[in-house]
């Protein structure tokens, strides 16, 4: 299990590489809503998403000999960019296995960072198996997108920063795909200030994490079901085993949001250039806005905008609706 010391070590390791993002107060609540919401804008990272934290922490922790072999990962986009960015910063070759339905904006940004891209079908299991085969063939070091202690520790630095900026926070909401972000944030916060409630939010169309937590058994969904959500960064078929262990120990609950709620929140956040979010990055805010009855009572809350790499055509379409 990841410790608070691991997260603080990650915080020191990524300093000067990942951006220290600062909270933005959300001003779109109804006048009679007594709650206060702050947004954690990970869309301000150099790659437009939080994934740089875990990726850089993991690659930087490798030995020089390991980095000399090159690294490989499997990702639909944001972790791909995180690994490509970190590998370039550390003079390491990066190979990325991406699904053929990855948004062009994420594919092109990953390629621009100098990574070699291998394309497979849409299933998260398919790209993982391809990466494992290439690693065995060429000696690459696998940098998993979420199921790894260094990944979890790197993402946990988000939680440390939230507590530093807003000690009075009572509720934190984070999106859930593979589970690295929620696992890291929940670990950081519960080991620092256990009275703060931590809730994961995922698409109802891909609700494997909620099913896993509530049944206490790791659940999985088909590639077709995972691909049905507009939140492309959360299209995993199952959360990681290590992430699941952290959920069970530290997360208070996981709720789901509908596709309409995700789209409406993405459109709402786009009204402020500082909070533009891709659909995956909007789910935590959607959970706060549309599911107050499912959340613990809290006066001060933070929702994490995990990324802002939205396809320009999609954004224009949403804003025109």
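A short reminder: the numbers here are calculations on the coordinates, not readings from a lab. None of these values were measured; they are calculated from a predicted model. Glycine also receives a Cβ, built like all others from the backbone with ideal geometry; neighbour counts cover every protein chain displayed.
Quick one: how many residues across the stretch 15-53 are surrounded by 16 or more Cβ atoms within 10 Å (Cβ to Cβ), under 21 Å from residue 291 (Cα atoms) and without any contact (Cβ under 8 Å) to a residue 60 or more places away in the chain?
0
Regarding the stretch 245-262, can at least one residue be identified that is touching a strand residue (DSSP E or B) at 6+ places or on another chain (Cβ under 7 Å), buried (at least 22 other Cβ atoms within 10 Å of the Cβ) and in a loop (DSSP other than H, G, I, E, B)?
Yes: one or more hits.
Show the residue pairs meeting these rules: Cβ distance below 7 Å; 6+ apart or different chains; first residue within the stretch 303-314 and more than 16 Å from residue 79 (Cβ to Cβ); second residue part of a strand (DSSP E or B).
303/37; 303/39; 303/173; 305/39; 305/40; 305/41
From the list 149, 168, 195, 164, which one is in contact (Cβ under 8 Å) with a residue 60 or more places away in the chain and out of contact with any helix residue (DSSP H, G or I) (no Cβ under 8 Å at 6 or more places or on another chain)?
Unique residue meeting the criteria: 168.
Among the numbered conditions (1) farther than 25 Å from residue 301 by Cα; (2) part of a loop (DSSP other than H, G, I, E, B); (3) in contact with a helix residue (DSSP H, G or I) (Cβ under 8 Å, 6 or more places away or on another chain), tell me where residue 225 comes up short.
So the condition that residue 225 fails would be (2).
Tell me, yes or no, whether the stretch 275-291 has at least one residue that is surrounded by 21 or more Cβ atoms within 10 Å (Cβ to Cβ), in contact with a strand residue (DSSP E or B) (Cβ under 7 Å, 6 or more places away or on another chain) and more than 21 Å from residue 234 (Cα to Cα).
no
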